[in-house]
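**Q** Pasting in a structure now, in structure tokens, and then I'll have a few things to ask.
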Amino acid sequence: MANRRLAPAAEQPESFAFSPENADWARGQIEKYPEGRQASAVIPLLWKAQEQNGGWLPQKAIEAVADQLGMPHIRVLEVATFYTMFALEPVGRFWIQLCGTVPCDSCGARELKQTLHDRLGPQGHVSADGNFSWLEVECLGACCNAPMVQINQDYYEDLTPQSLNTLMDDLAAGRPVKIGSQTGRTSSEPKDSINTLTDPTLFDGSRVGAWRKRFEQTQGGDDKGDAAVKKDEAASTEARAKDDPKPAQPDAGRATESPAVDAPAQRAAGGETPVKADGKGTPGVSPASPQVADQVGAPKISDGAAKTAADKEAVEDDVTLRTEPPQQPVASGADDAVHEEQSPEERANAAGTRPTGIEAARDNRPDDLTKIKGIGPVNNRRLNDLGVWHFDQIAAWSAPEIAWVGAYLAFPGRIDREDWVGQAAVLAGKKG
Ligand code: FES
């Protein structure tokens with residue numbers, strides 16, 4: 001992008017003042033902001049000054065805006081030189097801003113740039129007929145219809161060198177031109193055939209329904225499904241362990257396990273005097289029993305070698321400490337077994353009282369229970385299966401009934417948390 005400098009002194013006007021109409025407009029802009037925050041109006045005022053000055057911003061206009069807003073001149077100059085929407089030098093009747101950022105560049109902006117260069121000369125200069133000047137700028141936010149240019153206030157998109165030339169011919173000749181896509185695209189619709197989001201299951205609710213069902217299963221909504229999922233997971237873990245019996249790497253950010261170096265069992269196995277965990281050693285004692293040696297993989301030493309009862313006790317204590325398998329967490333399958341034994345209904349009966357249902361919807365017109373936040377199509381159907389068809393039925397649930405339904409749907413506590421009863425009461429009232 002070219003350097004952003006003020007126009008040469010020869011081109012600068014001697015003064016600038018808003019026209020009475022624009023001065024009124026500027027005051028209106030400034031009044032939008034609270035006392036002490038008038039500087040916030042700097043961009044609209046610069047924009048209006050540029051418009052009044054034939055499409056470019058002279059130094060005197062920048063200073064006039066600064067004075068009006070009580071800002072140092074340099075601060076307003078910083079704003080004007082930062083944004084390419086402010087032209088700092090005279091522009092043609094049609095000021096072309098060409099986007100040269102990556103999406104436009106990869107779609108042909110480089111060819112457009114060459115076209116402009118060939119037709120108008122270097123950027124920043126007004127064409128001999130006074131009609132055009134051009135500037136390469138950064139992304140103008142129409143990337144999906146790249147490549148594009150902004151001419152004065154309008155965007156022209158999906159351009160080619162040919163269509164840009166035609167557009168410029170028409171503008172210069174005063175012929176009407178088409179704003180937006182030059183290839184007939186509506187807004188930013190796909191350029192060719194539509195090939196995304198075409199799967200009808202995305203829109204008919206079945207995909208979301210399937211997802212919910214699986215979610216409910218894995219959350220325990222369907223115990224059989226849950227057990228099956230867990231069984232599969234356990235089988236796959238076992239298979240992985242069989243195929244890949246490698247121990248975990250100790251250097252992967254975890255603490256490294258190292259064997260205890262002075263435990264009584266080790267000392268006994270090594271033929272040394274065992275020392276109890278409390279630190280009180282018994283001097284002159286024998287090594288461990290054969291049992292200990294077995295367990296720690298040390299050479300066997302005869303039981304008779306343990307000279308005192310205290311030594312034996314120390315060794316046995318330590319054996320217990322070091323050789324008992326650590327307590328294992330309860331296998332998840334055990335929990336499944338409990339669940340598998342109980343049907344959702346049995347579980348619900350243990351939790352509360354089943355609400356009284358009705359055989360079919362009144363007047364054959366069930367309420368859409370999915371209007372209650374927290375109830376999706378699957379649970380809507382499950383509630384219907386329980387004989388719950390209407391908002392007023394849910395609105396009348398007692399605490400034991402809420403507990404029953406919560407356990408049945410495997411949503412303990414959720415009905416209260418989401419206030420299904422309150423929501424249903426409101427919906428029933430609206431219907432009412
Ligand atoms: S990259 Fe050109 S409009 Fe965004």
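Please treat every number below as a calculation from the coordinates, not as lab data. Computed from a predicted structure; not experimentally measured. Reconstructed Cβ throughout: ideal geometry from the backbone, glycine too, with neighbour counts over all protein chains shown.
**Q** Among A348, I375, Q393, which residue has its Cα furthest toward the positive end of the charge dipole of the range 342-431, with +1 on Lys/Arg Cβ and -1 on Asp/Glu Cβ?
**A** I375
**Q** What ranking do E346, E157 get, fewest neighbouring Cβ atoms within 10 angstrom at the top?
**A** E346, E157
**Q** What's the Cα-based Rg to Rh of the range 66-125, Rh via Kirkwood?
**A** In the range 66-125, Rg relative to Rh is 1.12.
**Q** Can you sort F203, F94 so the residue with the fewest Cβ neighbours within 10 Å comes first?
**A** By the 10 Å Cβ count, ascending, the order reads F203, F94.
**Q** Taking each pair of distinct Cα atoms in the range 342-431 once, what is the resulting Kirkwood hydrodynamic radius in Å?
**A** Its Kirkwood hydrodynamic radius stands at 12.9 Å.
**Q** From the phi angles alone, apply the Karplus equation (6.51, -1.76, 1.60; θ = phi - 60°) to the range 414-424 and give each ³J(HN,Hα) in whole Hz, x where the residue is Gly or Pro.
**A** 6, 4, 6, 4, 8, 6, 4, 5, x, 4, 5
**Q** If amide hydrogens are placed 1.01 Å from N in the peptide plane, which non-local residues have theirs closer than 5 Å to the one on Y155?
**A** G180
**Q** May I pose another question? Report the convex hull volume per residue for the range 161-216, counting only C-alpha atoms, in Å³.
**A** 112
**Q** At a threshold of 8 angstrom on Cα-Cα distance, excluding pairs fewer than six apart, so keeping six or more, what relative contact order does the range 9-82 reach in percent?
**A** On the way: 61 pairs, mean separation 23.2, N = 74.
The normalised contact order for the range 9-82 reaches 31 percent.
**Q** Mind listing the long-range amide H neighbours of C99? Cut-off is under 5 Å, sequence gap 5 or more, other chains count too, H placed in the peptide plane at 1.01 Å from N.
**A** Under 5 Å from the amide H of C99: V137, M148, Q150.
**Q** Note down the nm distance, to one decimal, between modelled labels 7 Å out along Cα→Cβ at A128 and at Q153.
**A** Here the modelled spin labels are 3.3 nm apart.
**Q** Modelled label-to-label distance, D385 and D363, 7 Å Cα→beta-carbon offset: nm?
**A** According to this spin-label approximation, the distance is 2.9 nm.
**Q** Starting from the Cα-Cα distance between M85 and E63, subtract it from 0.36 nm times their residue separation and give me the gain in nm to one decimal.
**A** On the way: separation 22, 0.36 × 22 = 7.92 nm, distance 1.78 nm.
So the chain would gain 6.1 nm between M85 and E63.
**Q** For A172 and E31, what is the calculated FRET efficiency with R₀ set at 51 Å and r taken between the beta-carbons, to the nearest 0.05?
**A** That gives a FRET efficiency of 0.80.
**Q** Using only the alpha-carbon atoms of the range 94-181, report the extent along each of the three principal axes, biggest first, to the nearest angstrom.
**A** So the three principal-axis extents are 32, 27, 21 Å.
**Q** Relative to the present Cα-Cα distance, how much length would full extension add between T201 and T218 at 0.36 nm per residue of separation? Write out the running numbers ahead of the final one.
**A** Numbers: separation 17, 0.36 × 17 = 6.12 nm, distance 2.19 nm.
Length gained, T201 through T218: 3.9 nm.
**Q** Given R₀ = 35 Å, what would the calculated FRET efficiency be for N3 paired with Q52, taking r from the Cβ atoms and rounding to 0.05?
**A** The computed FRET efficiency comes out at 0.90.
**Q** Right, here's the next one. Using only the Cα atoms of the range 386-427, what do you get for the radius of gyration and for Dmax, in Å?
**A** In order Rg, Dmax, the Cα atoms of the range 386-427 give 9.5, 25 Å.
**Q** Using 5 Å bins from zero, what percent of all Cα-Cα pairs in the range 9-82 falls into each bin?
**A** Reading the bins upward from 0: 3, 17, 30, 27, 16, 5, 1, 0.
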